[in-house]
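Please read the structure below before turning to the comments.
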Amino acid sequence: MRLRNVPGAREDIAKSSMTVNEPEALKGKWSEVFGNDHPVRIEIGMGKGNFIIQLAHENPTVNYIGIEKYSSVLVRAIEKCADEELSNLKFIRMEAEYLCDVFAPQEIDRIYLNFSDPWPKDRHAKRRLTSRQFFERYDVILKRDGIVEFKTDNDQLFQFSLEQIPEAGWRLKEYTWDLHHDKAMVKGNVMTEYEMKFSAMGNPIHKLIAER
Ligand code: SAH
């Protein structure tokens with residue numbers, strides 16, 4: 001993600017009713033935030049938010065939380081929601097490493113990872129959002145029958161993820177190296193910003209679904 005300093009981004013985020021400023025205080029209480037018992041699904045590293053905003057529109061009986069570490073990017077997602085009331089969508093500015101401080105065990109129904117940072121150096125492998133270390137965190141916050149859905153165009157990161165999932169004690173439910181030409185898996189696919197950009201460049205999009 002190209003980063004620019006967006007003046008006032010932090011202040012805009014703090015003021016927005018879309019964002020939750022002290023998410024640790026809500027651990028175990030997310031159903032109270034939304035005012036219902038609908039399932040809660042999160043996207044980690046949502047960028048400018050296209051994907052999760054569209055999902056929130058399409059599925060009013062599911063609650064969504066978009067997580068992004070950079071204010072300069074998150075502020076763009078907030079701007080996109082300026083003219084619409086989406087009571088089933090919230091944003092958090094945070095680093096995903098701290099997920100277990102913000103969500104109680106089994107509080108989450110599904111996790112989406114889209115075009116996550118590849119961290120190509122071996123010594124940074126544990127920072128990848130599909131590393132064993134991250135699957136240990138997902139194991140805590142995700143319901144027993146919950147799933148993790150991951151899309152990328154990065155071959156090395158996808159291959160790494162296919163190998164990490166069984167090592168982490170999870171199972172690969174489904175996967176494809178060419179999502180847009182996989183009739184079954186592409187059904188209902190919602191494109192992310194990166195997915196539009198990279199598929200327009202001719203890159204095949206890879207997707208996997210992990211379960212326990
Ligand atoms: N999901 C979007 C953006 C992909 S770029 C899309 O598909 O279009 C990856 C995004 O994840 C960036 O915005 C980056 O800031 C964010 N990100 C990467 N690692 C993160 C982490 N550990 N915690 C929170 N956000 C993270």
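Looking at (1) surrounded by fewer than 20 Cβ atoms within 10 Å (Cβ to Cβ); (2) within 13 Å of the chain's Cα centre (by Cα), which is the only condition residue 85 fails?
Result: residue 85 fails condition (2) only.
Looking only at region 79-104, how many residues end up being at pLDDT 95 or above, away from the ligand (no atom under 11 Å from the Cβ) and out of contact with any Lys or Arg (no Cβ under 9 Å at 6 or more places or on another chain)?
As a first pass, look at region 79-104 and keep what is at pLDDT 95 or above: 87-104.
Cutting the leftovers down to away from the ligand (no atom under 11 Å from the Cβ) gives us 87-91, 100-104.
When the remaining residues are screened for being out of contact with any Lys or Arg (no Cβ under 9 Å at 6 or more places or on another chain), the result is 87-91.
Residues in region 79-104 being at pLDDT 95 or above, away from the ligand (no atom under 11 Å from the Cβ) and out of contact with any Lys or Arg (no Cβ under 9 Å at 6 or more places or on another chain): 5 in total.
Let me confirm something: among 78, 108, which residue is over 28 Å from residue 166 (Cβ atoms), in contact (Cβ under 8 Å) with a residue 60 or more places away in the chain and among the β-branched types (Val, Ile, Thr)? Break it down into steps so the answer makes sense when it comes.
Numbers: 108 fails: over 28 Å from residue 166 (Cβ atoms).
Among 78, 108, only 78 is over 28 Å from residue 166 (Cβ atoms), in contact (Cβ under 8 Å) with a residue 60 or more places away in the chain and among the β-branched types (Val, Ile, Thr).
List, please: which pairs have Cβ atoms under 6 Å, are six or more places apart or on different chains, and start with a residue in region 42-70 that is aromatic (Phe, Trp, Tyr) and end with one that is more than 11 Å from the ligand (Cβ to nearest atom) and part of a strand (DSSP E or B)?
Correct list of pairs: 64/41; 64/89.
Which one is farthest from the ligand (Cβ to nearest atom), of the residues in region 161-173 that are free of Cβ contacts under 8 Å to residues at least 40 places away in the same chain and open to solvent by less than 80 Å² (accessible area, probe 1.4 Å)?
Of everything passing the filter in region 161-173, 166 is farthest from the ligand (Cβ to nearest atom).
Cβ-Cβ below 8 Å, separation at least six or inter-chain, first residue in region 28-40 and among the polar types (S, T, N, Q), second loosely packed, with under 14 Cβ neighbours inside 10 Å: which pairs?
Close Cβ pairs (under 8 Å, with a partner that is loosely packed, with under 14 Cβ neighbours inside 10 Å) amount to 31/37.
Of the numbered conditions (1) of a type in the set (A, V, I, L, M, F, W, C); (2) in contact (Cβ under 8 Å) with a residue 12 or more places away in the chain; (3) assigned to a loop (DSSP other than H, G, I, E, B), residue 186 satisfies every one except a single condition; which is it?
In the conditions (1) of a type in the set (A, V, I, L, M, F, W, C); (2) in contact (Cβ under 8 Å) with a residue 12 or more places away in the chain; (3) assigned to a loop (DSSP other than H, G, I, E, B), residue 186 misses (2) alone.
Using the structure shown, decide if residue 135 is within 11 Å of the ligand (Cβ to nearest atom) and either at pLDDT 95 or above or open to solvent by less than 30 Å² (accessible area, probe 1.4 Å) (or both).
Numbers: within 11 Å of the ligand (Cβ to nearest atom): no; either at pLDDT 95 or above or open to solvent by less than 30 Å² (accessible area, probe 1.4 Å) (or both): yes.
Considered against the rule, which asks whether it is within 11 Å of the ligand (Cβ to nearest atom) and either at pLDDT 95 or above or open to solvent by less than 30 Å² (accessible area, probe 1.4 Å) (or both), residue 135 comes out as no.
Restricting attention to region 35-51, does a residue exist that is crowded, with 20+ Cβ neighbours inside 10 Å, under 29 Å from residue 133 (Cα atoms) and away from the ligand (no atom under 12 Å from the Cβ)?
yes
To keep it simple, each residue is scored yes or no on (1) within 16 Å of the ligand (Cβ to nearest atom); (2) surrounded by 16 or more Cβ atoms within 10 Å (Cβ to Cβ); (3) outside any loop (DSSP other than H, G, I, E, B).
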{"residue": "149", "(1), (2), (3)": "yes, yes, yes"}
{"residue": "159", "(1), (2), (3)": "no, no, yes"}
{"residue": "175", "(1), (2), (3)": "no, yes, yes"}
{"residue": "195", "(1), (2), (3)": "yes, yes, yes"}
{"residue": "208", "(1), (2), (3)": "yes, yes, yes"}
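Can you say whether residue 32 is open to solvent by 20 Å² or more (accessible area, probe 1.4 Å) and either under 27 Å from residue 195 (Cα atoms) or of a type in the set (Ser, Thr, Tyr) (or both), as far as the supplied structure shows?
No: the conditions fail for residue 32.
If the Cβ limit is 7 Å and pairs must be 6+ apart or interchain, which residue in region 116-142 that is part of a loop (DSSP other than H, G, I, E, B) pairs with which residue that is at pLDDT 95 or above and open to solvent by 60 Å² or more (accessible area, probe 1.4 Å)?
118/156; 119/127; 120/156; 128/119
Residue check, residue 76 against (1) in contact with a helix residue (DSSP H, G or I) (Cβ under 8 Å, 6 or more places away or on another chain); (2) within 15 Å of the ligand (Cβ to nearest atom); (3) not aliphatic (A, V, I, L, M), all met but one. Which one?
(1)
Which one of 127, 123 is within 14 Å of the ligand (Cβ to nearest atom) and at pLDDT 95 or above?
127
The values are calculated or read from the model by the stated rules, or taken from the named source; none is laboratory data. This one's a predicted model, so the numbers in the text were calculated from it and none came from an experiment. Neighbour counts run over all protein chains shown; Cβ positions are idealised from the backbone, glycine included. The area values use the complete protein model at the heavy-atom level, side chains included, leaving out ligands, DNA and RNA. Shrake-Rupley method; radii C 1.70, N 1.55, O 1.52, S 1.80 Å.
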